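S.K.: Mind having a look at this structure? Questions to follow.
Read-outs throughout are calculated quantities, based only on the coordinates presented, and are distinct from any laboratory measurement. Here the structure is a predicted model, which means the values were calculated and not measured. When we count neighbours, we look across all protein chains shown, and the Cβ atoms used for this are built from the backbone with ideal geometry, even at glycine.
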Amino acid sequence: MESRSRREIQHGRWLARGKAEKIWGWDTPAGRLRASRRAGLLIEGAGLAPGMSVLEIGCGTGAFTGPLAAVGIALTAVDISPDLLALAKVRISSQYSVRFIQARFEELVPSGRYDAVVGSSVLHHLDLDRALACMRALLKPGGRFCFTEPNLLNPQIALQKNIPWIKRAVGDSPDETAFRRGPLHQRLVHAGFDRIAITAFDWLHPATPPHWLSAVDRIGSRMEQIPILREFAGSLWIRGAKPNFS
């Protein structure tokens, strides 16, 4: 597991030296629209409200940290990469008061003090079973979680995550993967969570030309409502909670 952590840290260093958000697809007009929507889904799915204590996993360069902090929550942001975390601190420090931690999430000391745990495109980098156990220990009874993650049923994602040379070409880290809705739901149940809901969404590609953006986004929204077809969208919106009695 230490070798996996080392590879993630090395990958973070490479991302920080380049243009991380270009590699991730957040810096195009379509990418910015996608990021804005995801931030909204994280806020909605975790029921974030002013005064809540919230942990963001895998904050990276802080692309979602700002929109989350703007809600008025007490936000702690963790990332394994010191290089990406340094960029997040610069980006956020002048706007919001956020506590940053450089650590491997699965090794955080259990505290049971967070009202919510959230993250974008992070669970697929982690040892999932250990991460879920850690998340349960960090949440208060009744605390909620929400994530957006790549959908392995999407043809592009399936190729990208399973063919090594494509994975390298698009800038993925060596160990990252993606999820299918059904098996992920089962693992969340096994980890002791309830009120679980997983919805496939997002047909908007970050490379969509600006003059097509409105039309493609509108068509994609309709495709998300079509049974069976929607299961092949690019991402999963994942939410649930720790039982109240835990």
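S.K.: Lysines within cross-link reach of residue 167: Cα-Cα under 24 Å, excluding same-chain residues under 8 positions apart?
M.R.: Straight-line reach from residue 167, under 24 Å: 19, 22.
S.K.: At a 10 Å Cβ-Cβ cut-off, how would you order 202, 172, 79, fewest neighbours first?
M.R.: Details: 202 23, 172 20, 79 30.
So the residues, fewest neighbours to most, are 172, 202, 79.
S.K.: Can I ask one more? About the Cα centre of region 2-241, what is the dipole size in debye to 20, counting +1 per Lys and Arg Cβ and -1 per Asp and Glu Cβ, all else neutral?
M.R.: On the way: 31 positive and 22 negative charges, 36 e Å.
Dipole about the Cα centre, nearest 20: 180 debye.
S.K.: Among 231, 107, 176, what is the fewest-to-most ranking by other Cβ atoms within 10 Å? Don't jump to the answer; show the numbers that get you there.
M.R.: Working: 231 16, 107 11, 176 19.
With the fewest neighbours first, 231, 107, 176 line up as 107, 231, 176.
S.K.: I'd like to know which of 189, 132, 9 lies farthest towards the positive end of the charge dipole of the chain, counting +1 on Cβ of Lys and Arg and -1 on Cβ of Asp and Glu.
M.R.: So the residue we want is 9.
S.K.: May I ask you to order 154-162, 39-47 by the average number of other C-beta atoms within 10 Å around their residues, highest value first? Don't skip to the answer; put the middle values down first.
M.R.: Details: 154-162: 16.0, 39-47: 19.2.
Result, highest mean first: 39-47, 154-162.
S.K.: Where a Cα-Cα gap under 26 Å defines reach, which lysines qualify for residue 242, not counting those fewer than 8 residues away within the same chain?
M.R.: Output for residue 242: 140.
S.K.: Between beta-carbons, use under 13 Å as the cut-off and find the net charge around residue 166, counting Lys and Arg +1, Asp and Glu -1. All intermediate terms of the calculation are to be shown ahead of the outcome.
M.R.: Working: positive: 161, 167, 168; negative: 172, 176.
Net charge around residue 166: +1.
S.K.: Further question on the same structure: So what is the 222 nm mean residue ellipticity for the chain from helices alone, if each DSSP H run of at least 4 adds -39500 (n - 2.57) and you divide by all residues, rounding to the nearest 500 deg cm²/dmol? Walk me through the numbers on the way to the answer.
M.R.: On the way: 10 runs with 100 residues, N = 246.
So the calculated ellipticity at 222 nm is -12000 deg cm²/dmol.
S.K.: In what sequence do 76, 148 fall when counting other Cβ within 10 Å, fewest first? Don't skip to the answer; put the middle values down first.
M.R.: Details: 76 20, 148 27.
Least to most surrounded, the residues fall as 76, 148.
S.K.: Let me ask something else about it. Once you order the gyration tensor axes a ≥ b ≥ c over the Cα atoms, which shape class does region 2-241 get: rounded for a/c under 1.5, otherwise prolate or oblate by comparing a/b with b/c? Don't skip to the end; give the middle numbers.
M.R.: Numbers: a/c = 1.29, a/b = 1.17, b/c = 1.10.
The shape class here is rounded.
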